[in-house]
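Encoded as structure tokens, the structure appears first; notes follow it.
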Amino acid sequence: MSANARRRRESRIVSREYVYVHDEGEGGAEQSRELKLRIPEVLDSEYGMYVWPCAPVLAQYIWFHRASMTGKSVLEVGAGVSLPGIVAAKCGANVILSDSAALPQCLENCSRSCAQNNLDGVPVIGLTWGEISPDLLTLPPIDVILGSDVFYEPKDFEDVLVTVRFIMEKNPNAEFWTTYQVRSANWSIEALLHKWDLQCLNIPLKKFNADRECLAGSQLPGSHSIQMMIITMKRDP
């Protein structure tokens, strides 16, 4: 890339601040009472490289449960700008960020988010939904999978769940924490969950203080209808 092209690209990058403050979650007196983050966005890029309304909601769930994040092994899929993963890392989790191997610009932005928040040594890997890759095969044990608005295109729904199920085969107690925006009443993953022996628990937003239009100092999620759910493997009766 030429120097001029690099300067033009960098001029399209803006950093937005998100501030998570103490609430009545599991933080406890010994936990941080405020977390400030800067998240870089590429303004005229593909939709994976700026913050969508689901991300602050999932990050709020992580922040609300921050006392239990320390030492957890966390993988964010479809990370893009990586807001939930960055929050998890700041709360003491051992985080791996991932996005499609076919989108190196998204992987670059994951690394940029880490750099802007002084996070060294966070692995960034290419994981394409529905594909078995060397990086997928060599993942360490995982406790929590994060996914913000990964149920965006119906054609991708099964590939997302196939990847999640593959990880859970090796990590039967792992949980998939995900937020999604309700865009159509006709879109559902219920049949796919049954097909892949997965189960879902819906978490009301008010349970973790996310039932409001402004989160972390941002007007996201606004008036969008956001849902939070935890997906796990089905347990034998």
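When you restrict to C-alpha pairs under 8 Å that are six or more residues apart and normalise by the size of the range 179-232, the relative contact order lands at 51 percent.
Computed with a 1.4 Å probe over protein heavy atoms only, the accessible surface of the chain comes to 49 Å² per residue.
With the highest mean first, a sort of the peptides 137-146, 197-206, 114-123, 81-90 on other beta-carbon atoms found within 10 angstrom per residue produces 81-90, 137-146, 114-123, 197-206. Exposed loop sites here mean GluC sites (Glu not before Pro) with a DSSP loop assignment and at most 11 other beta-carbon atoms within 10 Å; the chain contains its longest site-free run at 47-237. Cross-link partners of LYS206 among lysines, defined as those whose alpha carbon lies under 25 angstrom from its own and excluding same-chain residues fewer than eight positions apart: LYS36, LYS72, LYS90. The share of accessible area on the range 150-237 that comes from carbon and sulfur is 49 percent, using a 1.4 angstrom probe. Extension gain for LEU201-THR232 works out to 10.3 nm (0.36 nm per residue, less the C-alpha to C-alpha distance).
By the rule of a C-alpha distance below 23 Å, with chain neighbours fewer than 8 residues away ignored, the lysines paired with LYS155 are LYS195. Once the Cβ-Cβ distance of ALA115 and ARG33 is raised to the sixth power relative to R0 = 25 Å, the FRET efficiency obtained is 0.50. Accessible surface of THR128 in the full protein assembly, 1.4 angstrom probe, to the nearest 10 Å²? Counting only protein heavy atoms, the figure is 30 Å².
The values are calculated or read from the model by the stated rules, or taken from the named source; none is laboratory data. Because the structure is predicted, anything quoted here is derived from the model rather than measured. Quick reminder, even Gly has a Cβ in these numbers, built from the backbone with ideal geometry, and neighbours come from all protein chains shown. What goes into the accessible areas is simple: the full protein's heavy atoms, side chains included, and nothing from ligands, DNA or RNA. Shrake-Rupley method; radii C 1.70, N 1.55, O 1.52, S 1.80 Å.
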